[in-house]
Each structure stands twice: as structure tokens, then as C-alpha cells.
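Asker: Quick one: the structure is below, and I'll ask about it shortly.
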Amino acid sequence: MLSEISKTILAEADKRGLDKSTCPSEIARMLFGDKWRKEMGKVRDVAIGLHREGKVVITQKGIPVDVDHIKGPVRIKISQSENRSE
């Protein structure tokens with residue numbers, strides 16, 4: 001399931017491009033339907049892993065965030081090196 005979460009995050013972030021971001025809850029809703037809230041931790045953990053790999057950037061209010069000290073809602077953007085929709 002984690003690879004499916006990863007693929008979905010990357011696909012959605014890539015589709016939105018460099019100027020837009022996605023909320024982890026959007027990914028959770030796509031994959032888990034009514035049970036999305038229960039799975040938010042997994043989605044967030046996978047997003048953090050992708051951030052550490054340089055594939056996405058996790059932001060708050062449009063600013064990249066230290067993923068070791070996240071507090072509050074975040075957004076996920078494709079990293080410039082991963083963007084394929086240009």
C-alpha cells in the first residue's frame with residue numbers, strides 16, 4: 001500500500017506542477033474513501049519520505065518546512081528536479 005500512496009502523491013503533485021500543491025488529505029481521500037482520516041498518518045509519513053528523497057517539497061503557507069518539526073497542516077509540491085509536466 002505504501003508504494004501506491006507514493007505513486008499517487010507523485011502523480012498528483014506532478015500533475016499540478018511547480019505552481020500548485022496538494023493536501024495530504026486529498027491523497028488520503030483518493031485512496032481510502034470514507035476511511036481517509038484513519039490513514040492520514042501513513043500518507044503524511046510517505047510524503048515525508050518523498051521529501052527526504054528530494055522528490056517532493058512539503059510546505060506550510062508556501063514555505064518549505066523542516067519535516068522533523070511539522071506542526072499543523074501542510075501541502076505537498078513536486079520538486080523542481082522531479083517535475084515532468086513542463
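Where a number appears in this text, it was derived from the coordinates with a stated rule and is not lab data. Small disclaimer: the values here were computed from a predicted structure and weren't measured. For neighbour counting, all protein chains shown are included, and Cβ atoms are generated from backbone atoms with ideal geometry for every residue, glycine included.
Asker: Identify which of VAL65, VAL46, VAL57 has the largest mean-square fluctuation in a Gaussian network model of the chain, with springs joining Cα atoms closer than 10 Å.
Answerer: Most flexible of the set in this elastic network: VAL65.
Asker: I need to check one value: relative contact order of the chain, counting alpha carbon pairs closer than 8 Å and at least 6 residues apart, in percent. Walk me through the numbers on the way to the answer.
Answerer: Numbers: 112 pairs, mean separation 32.1, N = 86.
Worked out over the chain, it gives 37 percent.
Asker: With each label point set 7 Å from Cα along the Cα-Cβ vector, what nm distance links ASP14 and LYS38?
Answerer: Result: 3.0 nm between the two label points.
Asker: Kindly state, as a whole number, the per residue volume in cubic angstrom of the convex hull around the alpha carbon atoms of the chain. Don't jump to the answer; show the numbers that get you there.
Answerer: On the way: hull volume 7.4 nm³, N = 86.
Cα convex hull per residue, to the nearest whole number: 86 Å³.
Asker: Contour minus end-to-end for MET30 and MET1, with contour as 0.36 nm per residue of separation and end-to-end as the Cα-Cα distance? The partial results should precede the final answer.
Answerer: Working: separation 29, 0.36 × 29 = 10.44 nm, distance 1.31 nm.
Full extension of this stretch gives 9.1 nm more.
Asker: Once you list every other residue whose beta carbon is under 15 Å from the beta carbon of LYS38, what net charge do they have if Lys and Arg are +1 and Asp and Glu are -1? Intermediate results must be reported in sequence, preceding the final value.
Answerer: Details: positive: ARG29, LYS35, ARG37, LYS42, ARG44; negative: ASP34, GLU39, ASP45.
So the environment of LYS38 carries a net charge of +2.
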